[in-house]
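Notes follow the structure.
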Amino acid sequence: MERVQGVPNNMQERFDKFAIMLSGLCAIHCIALPLIASITPLLTATIHHDNEVHEFWFHQFILLFILPASLIALITGYRSHGKLLPIVIAGIGLLILTFIALFAEQLLLDNVIAHEGETLLTIIGGLTHAAGHILNLQATRKKHTPCCH
């Protein structure tokens, strides 16, 4: 994507991109680790994806970065472009990610969801969250793009 001349690479854009990257990291973690573990017996013996300690500390740890980056980017973006849709979509994604990070362990123990369901919800939350930030970036860029009609 080309940068419009005169539009600075501002903090809001950086935080949007950082939040998108963190959502992608969550999705990669949820998809890649079980695949790698299933084809690599050594990893299966040493790193269990189903290990609650590993699984839940990772989600809670990454959430510590996703939440502030998202809030900064979305609030700053809203102040710039005034559109609620990016906040609503990213917010839905954040709610899903937060819910999974905080309650998936208990839901798994109570057999309410399976590990596949936890993975699917995390991916859905991450994609929804990233989509909200993409909309936020687009709305901000559109607001700062000189109109040539």
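Bear in mind these aren't lab numbers, they're just calculated from the coordinates by the rules spelled out. In this text, all values refer to a predicted model and were calculated from it rather than measured experimentally. Here Cβ is always computed from backbone atoms with ideal geometry, including for glycine, and neighbour counts include all displayed protein chains.
So here's what we get for this one:
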{"read-out": "HIS129, HIS144 arranged by Cβ crowding within 10 Å, fewest neighbours leading", "value": "HIS144, HIS129"}
{"read-out": "Taking MET11, MET21 and counting other C-beta atoms within 10 Å, the order from fewest to most", "value": "MET11, MET21"}
{"read-out": "Which of SER80, SER70 has the fewest Cβ neighbours within 10 Å, and the rest in rising order", "value": "SER80, SER70"}
{"read-out": "Highest-first arrangement of 100-107, 131-138, where packing means the average Cβ count within 10 Å", "value": "131-138, 100-107"}
